[in-house]
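One structure is given below, encoded as structure tokens.
The values are calculated or read from the model by the stated rules, or taken from the named source; none is laboratory data. Bear in mind the structure is a predicted one, so any value in this text is a computation, not a measurement. Counting neighbours? That spans all protein chains shown, and the Cβs are built from the backbone with ideal geometry, glycine included.
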Amino acid sequence: MDRYHHFIAGRWVDPVSGEWFDTFDPSTGAVLASLPRGSAVDIDHAVDAAGVAFTTWGFYDAVERGRLLMRVSQRILENLERLAYLESTDTGKPLTQARADVTIAARYFEFYAGAADKFGGSTIPVPGTFLDYTLREPLGVVANIIPWNYPLQIGARAIAAPLAVGNTVVLKPAEEASLSVLELAQMVRDVGIPEGVVNVVAGLGDEAGAPLAAHPKIQHLTFTGSLAVGRKVARSAADTIVPVTLELGGKSPHVVFATADLERAVPIIVRSFLQNAGQTCSAGSRILVEASIKRTLVERLVDALTSVRIGPGTSDPDLGPIISPKQKARVEHYVELAQSRGARAYAGITPPIGSGYYVSPMILDAVEPDSPVFHEEIFGPVASVTPFSSEAEALTLANATEYGLVAAIWTQDVGQAHRMARRVHAGQVFINSYGAGGGVEMPFGGYGHSGYGREKGWEALYHYTQVKNVAVYTGP
Ligand code: NAD
């Protein structure tokens, strides 16, 4: 078992509390490592280190920042197998999915390396003899609080995008899965990015996350996680007048019309709610289907679930365990609730017996639109099915939850596809697909309670900079 430390000012640092806590392998329930129990004092040290580092990193040539970020990308790929194994053990996700996460993490650094010397301001025509232009300036120290479902992927974008435009970072990973992010911080340092540019403080939400969100010396906060904690951190940031990007999950629909190509749709839909055991903010967990094809679709989905391989992440199954006993109980609660409200549950396969946190993949058929299971994030390998009988009803159901992260429209009617894409409340819409590569290049974020602000792609860089207008009088 390994004992980890905070990564502050380019060094491994003991927690000031002198306390550590255990983190577990969800595939076996065994203790995997011990993590430092961060507190407000550790956060102070990290924010101070990031503040000092900003005085140099904030003024690096953009081309040099880009070159250094590209080296991080290469370093991640050189360590692909090691990082994938670590991520799989820490989160329980199948090795193939963990490898994909490592590749996407590398791609974030590659993408933002390329963006560093291309992102800038503009010139603006104004009346009179003026040269008017804008500068896109870094904010300073930016804070990121991230969850346990995709630590390396989310950690990579939480570092690469702000660094590209000259910010420095303090990151608080989730207590359930922090290991790959701590390793990533070391890699950033190893390629020559100065000490203090990236700092990682591990610990519990209330003890390390809350003081980071409320810190008076941060200039931006990005939070990914639950709606309840999102509200708390946004309230703290309101006190310090710090802009916030919130990514709070979803209840994303697949809208399947009668003309849909089910050969293509079924495996993609299944993957969208099984990937990472359904613990994905953008999981396609709410299947809305035209009544005339509902029976066929449900039969095919249930059939697909019977061949799912389940087991420890490192044995590379299709489906690994849930992250923790708490989250497993939550998934089971929602399945029971759905059944008590009249839904029919079709389980795919029986989970292995042992101390890992496994649940069966499941289709909940005939979920009523007024059921909590229709509205609330389950965060497990479970999808609900609800029929509709017209395009108008499909749209009403698609937009019926308070979330609005992702939506997929399955139809052969091109007009219908675009009508739905315009009207559906979601930050990302896929037509006859779900996902397009790793999603690094595409702006990502939600409508409604899915949050605000955008991560990924070029769009994220607007959030990590502030604009300054300069007007120069050029003479009569
Ligand atoms: P959470 O919101 O409690 O944890 C996310 C992060 O916030 C972690 O790093 C945690 O330490 C930190 N945190 C917790 N309390 C905090 C506080 N008071 N101040 C600052 N930071 C704090 O999420 P959870 O309990 O791990 O999961 C609960 C539910 O949240 C899940 O079932 C799922 O529905 C949702 N969730 C969504 C995402 C997503 O990607 N949007 C990720 C994880 C969980």
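Scanning the stretch 447-454 turns up at least one residue that is touching a residue at least 40 places away in the same chain (Cβ under 8 Å) and either of a type in the set (Lys, Arg) or touching a Cys at 6+ places or on another chain (Cβ under 7 Å) (or both). When residues in the stretch 195-238 are screened for being more than 10 Å from the ligand (Cβ to nearest atom), in a loop (DSSP other than H, G, I, E, B) and either hydroxyl-bearing (Ser, Thr, Tyr) or on the phi > 0 side of the Ramachandran plot (or both), 1 of them pass. Restricting the stretch 224-251 to residues that are farther than 29 Å from Arg286 by Cβ and of a type in the set (Ser, Thr, Tyr), which is surrounded by the fewest Cβ atoms within 10 Å (Cβ to Cβ)? My answer is Thr240.
With respect to Ala174, is the statement that it is within 16 Å of Tyr108 (Cα to Cα), under 15 Å from the mean Cα position of the chain (by Cα) and within 13 Å of the ligand (Cβ to nearest atom) true? Here the answer is no, as Ala174 does not meet what is asked. Considering Ala421, Ala436, the condition of being within 24 Å of Thr280 (Cα to Cα) and part of a helix (DSSP H, G or I) is satisfied by Ala421 alone.
Quick check: anything in the stretch 369-378 under 27 Å from the mean Cα position of the chain (by Cα) and more than 30 Å from Arg419 (Cα to Cα)? Scanning the stretch 369-378 turns up no residue that is under 27 Å from the mean Cα position of the chain (by Cα) and more than 30 Å from Arg419 (Cα to Cα).
Among the residues making up the stretch 154-194, those that are surrounded by fewer than 24 Cβ atoms within 10 Å (Cβ to Cβ), in a helix (DSSP H, G or I) and touching a helix residue (DSSP H, G or I) at 6+ places or on another chain (Cβ under 6 Å) are Leu179, Met187. When the stretch 242-273 is examined, which residues are found to be within 16 Å of the ligand (Cβ to nearest atom) and either aliphatic (A, V, I, L, M) or in contact with a Gly (Cβ under 7 Å, 6 or more places away or on another chain) (or both)? Scanning the stretch 242-273 gives Val242, Val244, Thr245, Leu246, Glu247, Leu248, Gly250, Ser252, Ser272, Phe273. A residue that is over 22 Å from Gly453 (Cα atoms) and touching a strand residue (DSSP E or B) at 6+ places or on another chain (Cβ under 7 Å) occurs somewhere in the stretch 238-255.
The requirement of being out of contact with any Leu (no Cβ under 8 Å at 6 or more places or on another chain), surrounded by 15 or more Cβ atoms within 10 Å (Cβ to Cβ), of a type outside the set (Phe, Trp, Tyr) and more than 30 Å from Ser340 (Cβ to Cβ) is fulfilled nowhere in the stretch 372-389; no residue meets it. Across the stretch 286-339, what is the total count of residues that are exposed (fewer than 13 other Cβ atoms within 10 Å of the Cβ), of a type in the set (Gly, Ala, Ser) and closer than 14 Å to Thr350 by Cα? Adding up the residues that qualify gives 1. Selection over the stretch 349-399 of residues that are assigned to a loop (DSSP other than H, G, I, E, B) and within 16 Å of the ligand (Cβ to nearest atom) gives a count of 8. Just one of the listed residues (Thr350, Thr401, Thr386, Thr396) is in the same structural domain as Leu274 (by TED's automatic domain parsing) and farther than 22 Å from Met420 by Cβ, namely Thr350.
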